[in-house]
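Only one structure is covered here, and it is reproduced in the block below.
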Amino acid sequence: MKTKFYITFITFILLVMTLLFYTCNDNLIEPSNNSEKTKHGHEPSWSPDGNRIAYIGGATDKEYGLYDIDVAANEDPRKIVVPEFASNPDWSPDGKWIVYPRNGDICKKKADDDSPEIQLTSNAENFFPSWSKDGQWIAFDSNADSPTGLRFVWKMRADGSDKNRIIYSPEEGEVRTPDWFPDGIRLVVARNLRGPREIVIIDTSGNSIARLTNDGISDKCPKVSMDGLSIVFEKEVNLGQIFRINADGTELIRISDSNSTDPDWSPNGEWITFSSYSSNNYSPNYIFIIDRNGFSKRRL
């Protein structure tokens, strides 16, 4: 009896250990094929209500454009008609507008109707718009008034007025891909400091407040969580890895392994969306979500 009991007990323990092993290591939860609806998607942006993700997608030139998808319902993506090519969308805080670069200009369009887009810039090359949390300002990077052609961070009113360059440091290098903190006073940027881009926090006067990374590896596309406590960004290693770091520079955590770009936060700060390439030639690419600690990954 004792021998049988021990065999049963050991078998049970081995079964439990096996289940734990696969649970811990197979934390990338892939959905069924019929739920994978974002074909060839990249540059995702989470809506303020947490229900939708806007992204750039399309497998052909005819299909290419700005889309959004209901995250919870996982319905078929809805194409938001914009003229020609758009990139790097960002939502207004009320969820009514989407701002994006198109042909080097910053434009905005209502998210839920077919009204014409509104062009907000008209000279130079302008990219990576970020809407402030109070809805009053849009930050972006631009090579306007830059004899060297280097790009630096600007801001403008949401209607395109009152354009001002926040920072200009051609002797050090570009300052790009801004994102607003909730306080409307600080921005996180990717800044060249006579070397690879690093993640830096600046204020709206262009003063550096904190340097968050300094490892000789180029970093870009930082995004601030809605509570202002965490920043997610892409590190240019292994064709892109997503990292999370506290806004005070502590607790650097890798979220994804490779082939990962364009991170953005869910409004509740529990999830991160990003695009991932299935091969080393950057095509095709798909939209994923993953929890803030790098688990429960699934493709949309």
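The values are calculated or read from the model by the stated rules, or taken from the named source; none is laboratory data. Because the structure is predicted, anything quoted here is derived from the model rather than measured. Cβ sites come from the backbone with ideal geometry, for glycine too, and all protein chains shown count toward neighbours.
There is no residue in the range 141-151 that is among the β-branched types (Val, Ile, Thr) and modelled with pLDDT of 95 or more.
Just a yes or no: is a residue in the range 145-156 in a loop (DSSP other than H, G, I, E, B), assigned by TED's automatic domain parsing to the domain that holds Gly228, surrounded by 13 or more Cβ atoms within 10 Å (Cβ to Cβ) and in contact (Cβ under 8 Å) with a residue 60 or more places away in the chain? No, that holds for no residue.
Looking at Ile106, Ile118, which is the one that is touching a Ser or Thr at 6+ places or on another chain (Cβ under 8 Å) and among the aliphatic types (A, V, I, L, M)? Walk me through it before giving the result.
Numbers: Ile118 fails: touching a Ser or Thr at 6+ places or on another chain (Cβ under 8 Å).
Only one candidate qualifies: Ile106.
Just one of the listed residues (Leu15, Leu66) is at pLDDT below 75 and either part of a strand (DSSP E or B) or more than 22 Å from Ile290 (Cα to Cα) (or both), namely Leu15.
Apart from one condition, Asp112 fits all of (1) in a loop (DSSP other than H, G, I, E, B); (2) in contact (Cβ under 8 Å) with a residue 24 or more places away in the chain; the exception is (2). Among residues of the range 41-64 that are more than 19 Å from Met226 (Cβ to Cβ), those with a beta-carbon under 7 Å from a residue that is among the charged types (D, E, K, R) and in a loop (DSSP other than H, G, I, E, B) at least six positions away or on a different chain give the pairs Gly57/Lys39; Ala59/Lys39.
Can you confirm whether the range 169-177 contains a residue that is of a type in the set (Ser, Thr, Tyr) and under 13 Å from Arg292 (Cβ atoms)? The answer is no; no qualifying residue exists. Selection over the range 121-132 of residues that are over 13 Å from Gly160 (Cα atoms), assigned to a loop (DSSP other than H, G, I, E, B) and touching a strand residue (DSSP E or B) at 6+ places or on another chain (Cβ under 6 Å) gives a count of 2. Residue pairs whose Cβ atoms lie under 7 Å apart, sitting 6 or more positions apart in sequence or on different chains, and linking a residue in the range 253-273 that is over 18 Å from Gly41 (Cα atoms) to a partner that is of a type in the set (Ser, Thr, Tyr), are Gly269/Ser225; Gly269/Ser230. Restricting attention to the range 89-104, the residues that are surrounded by fewer than 21 Cβ atoms within 10 Å (Cβ to Cβ) and part of a loop (DSSP other than H, G, I, E, B) total 7. Mind checking which residues of the range 69-87 are under 16 Å from the mean Cα position of the chain (by Cα), in contact (Cβ under 8 Å) with a residue 60 or more places away in the chain and assigned to a loop (DSSP other than H, G, I, E, B)? Passing the criteria: only Val71.
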